[in-house]
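Working notes, structure below.
The values are calculated or read from the model by the stated rules, or taken from the named source; none is laboratory data. Values in this document were obtained by computation on a predicted structure and should not be read as measured data. We place every Cβ from the backbone using ideal geometry, glycine too, and count neighbours over all the protein chains shown. Ligands, DNA and RNA are excluded from the accessible area calculation, which covers all protein heavy atoms including side chains. Shrake-Rupley method; radii C 1.70, N 1.55, O 1.52, S 1.80 Å.
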Amino acid sequence: MGSMEEERLLLEDGLIENGSRGPYTGDGSVDINGKPVLKQNTGNWRACPFILGTEGCERLAYCGIAANLVTYLTSKLHEGNVSAARNVTTWSGTCSLAPLIGAVLADSYWGRYWTIAVFSIIYFIGMGTLTLSASVPAFRPLPCSGSVCPDATPAQYAIFFFSLYLIALGTGGIKPCVSSFGADQFDDTDPRERVKKGSFFNWFYLSINIGALISSSLLVWIQDNAGWGLGFGIPTLFMGLAVIIFFSGTPLYRFQKPGGSPLTRMCQVVVASIRKWNLEVPQDSFLLYELRDETSAIEGSRKLEHSDELKCLDRAAVVSDLDVIQGDFSNPWRLCTVTQVEELKILIRMFPIWATGIVFFAIFAQMFTMFVEQGMVMDTTVGSFTIPPASLLTFDIISVIVWVPVYDRLLVPLARKFTDKERGFSELQRMGIGLFISILSMAAAAIVEIKRLEIAKSHDLMEHNVAVPMSILWQIPQYFLVGAAEIFTCIGQLEFYYEQSPDAMRSLCSALSLLATALGNYLSSFILTIVTTITTKGGNPGWIPNNLNEGHLDYYFWLLAGLSFLNLVVYVFCARRYKCKKAS
């Protein structure tokens, strides 16, 4: 993790400069009391174990609830399959949308530290309430008696869903902030620390998957075999541990000041540019309005250099004759700084890159749907053991755990020799590699399905909804490839949204990346609906019938591979045209 040996090699290769380093950080970070922070006592890797430990425990807690929630709804609250699935997807969608709330609070008012702190406590209260709802007999329906299963009372539903959505609210404050808060511990103005930031994102993603691995294996078994009170209680304890770990690192953290509402600033730019639509933008960008000293008008943000794109927005920074006559340059609804205008330009430039992530997450969603259904009609026995089809998700997590150190210790140093980049690959290059690997994952799934259908045909099983004699372990490559794609695209996105977003909008941009995850799931459902509607016309069984042996799931996987290829082409076009932000 950011070893001295790595720094020495980079210095020798000329990839970082051994510049002068003062006692204080140069990126505007402060301590808990708002005072300038000493570099030697705070931040860097000395603070990151607390943040990584917090994230690992939080992900263990979240996945400990999410991984088996549908089972609890059907077996303990006696909901039907459709109702249970709808409640789970609605809750999952809320968990992906709630970060927009936390992001606005963090960037506008509270800062990332206090947003994480407050929402972590809300999260813990929700987890505790959920554990009580599963442990106290009065808070859940009576067990089934034969085929008769009592419905949950309105009060029992209220307690359960109140706790569940408290957890969703809690995730909204943690998800968009914790990775950015970890990256805040590295001073961008110090070349030595800047190099280490790329490694932080790798290890951050690793901590997420270690927590998910424990949840998807051990905790699921405990819930199914030892009881739900204990199965929910253990994640609750880990969430409590996450809160303790997070607060324990407070003296070592570096803090970035919130810069005010980013949504308000964007609206001010739009309004100011519309009000001055008839003014001509000067050719010399130095004539546009900007504070003349080193500080930015936006708290916690460095100044941004003017860019030549989207000149229509530059009107917001044009000093009109009326502004000069009135001598009032303090109304941002009439006159904005160049930095404020550039903030909006950056978000607009990022939009096409963000949009291509939606298709990637539609591919990612297949692990939880079509991959599982494919596995259900394969031979799940290995010796005397029976492998639940959904448990093959573990191979995706193992893939991530394997790839993180391989990428960080082998691929990055190797890539540096060819690219001369501090982190081996740029964020855009890294994301593009992941998009390419996602195509391979769909191709692998299609090839497995072609072979499975051939075996079904050779055994006259086409008309029978039964598993074919083909081991489910043949699915491992497709899961492993999805894991490899995650390492490149998902971590690349973490880096991209942090590095390219305006200083005072980093939490908001992280929340937008989570929004792409939610939209990817919705896109997957939409594609599935369209495919089913078209392929079942005329009484045909369609590509994905209830009996997959008479369908063509392989066509569906090839369709996704084709969409992913087109998405990659669009991404390459957008990435080649993308202009990175420049701080002045």
Regarding the stretch 221-240, can at least one residue be identified that is open to solvent by less than 60 Å² (accessible area, probe 1.4 Å), over 24 Å from SER507 (Cα atoms) and hydroxyl-bearing (Ser, Thr, Tyr)?
yes
Exactly one of PHE162, PHE124, PHE139 is out of contact with any Phe, Trp or Tyr (no Cβ under 6 Å at 6 or more places or on another chain), of a type in the set (A, V, I, L, M, F, W, C) and within 30 Å of ILE491 (Cα to Cα), and that one is PHE124
Across the stretch 150-185, what is the number of residues that are open to solvent by 40 Å² or more (accessible area, probe 1.4 Å), within 13 Å of SER133 (Cα to Cα) and not in a helix (DSSP H, G or I)?
1
Expected output for the stretch 46-65 (first residue at pLDDT below 90, partner open to solvent by 20 Å² or more (accessible area, probe 1.4 Å), Cβ below 7 Å, 6+ apart or cross-chain) is CYS63/SER216; GLY64/ILE234
Could you check, for the stretch 137-146, whether at least one of its residues is of a type in the set (A, V, I, L, M) and surrounded by fewer than 19 Cβ atoms within 10 Å (Cβ to Cβ)?
yes
So which helices (runs of 4 or more DSSP H) are wholly in the stretch 186-270 and hold at least 1 residues that are closer than 30 Å to GLN429 by Cβ?
191-214
Out of GLY538, GLY492, GLY520, GLY562, report the one residue that is assigned to a helix (DSSP H, G or I) and in contact with a Lys or Arg (Cβ under 6 Å, 6 or more places away or on another chain).
GLY492
Among the residues of the stretch 457-472, count how many are in contact with a strand residue (DSSP E or B) (Cβ under 7 Å, 6 or more places away or on another chain) and either modelled with pLDDT of 95 or more or open to solvent by 20 Å² or more (accessible area, probe 1.4 Å) (or both).
5
Mind listing just one residue for me: the one in the stretch 285-310 that is surrounded by 14 or more Cβ atoms within 10 Å (Cβ to Cβ) and without any contact (Cβ under 8 Å) to a residue 40 or more places away in the chain and, of those, nearest to PRO36 (Cα to Cα)?
HIS306
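Here is a yes/no grid of residues against (1) closer than 19 Å to ASP31 by Cα; (2) of a type in the set (Phe, Trp, Tyr):
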| site | (1), (2) |
| --- | --- |
| LEU218 | no, no |
| GLN223 | no, no |
| GLY231 | no, no |
| ILE234 | no, no |
| PHE238 | no, yes |
| SER248 | yes, no |
| ARG254 | yes, no |
| SER261 | no, no |
| ARG265 | no, no |
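For (1) open to solvent by 30 Å² or more (accessible area, probe 1.4 Å); (2) over 31 Å from the mean Cα position of the chain (by Cα); (3) farther than 30 Å from THR489 by Cα, each residue gets a yes or a no:
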residue: ILE530; (1), (2), (3): yes, no, no
residue: ILE534; (1), (2), (3): yes, yes, yes
residue: PRO545; (1), (2), (3): no, yes, yes
residue: ALA561; (1), (2), (3): no, no, no
Is there a residue in the stretch 302-311 that is among the acidic types (Asp, Glu) and under 18 Å from PHE329 (Cα atoms)?
no
Quick check on this structure: which one of THR369, THR381 is surrounded by fewer than 22 Cβ atoms within 10 Å (Cβ to Cβ), more than 30 Å from ASP284 (Cα to Cα) and without any contact (Cβ under 8 Å) to a residue 12 or more places away in the chain?
THR381
Checking ILE527 against (1) assigned to a helix (DSSP H, G or I); (2) in contact with a strand residue (DSSP E or B) (Cβ under 8 Å, 6 or more places away or on another chain); (3) of a type outside the set (Ser, Thr, Tyr), the condition it does not meet
(2)
Would a scan of the stretch 475-484 turn up a residue that is closer than 25 Å to PHE418 by Cα, modelled with pLDDT of 95 or more, assigned to a helix (DSSP H, G or I) and open to solvent by less than 20 Å² (accessible area, probe 1.4 Å)?
no
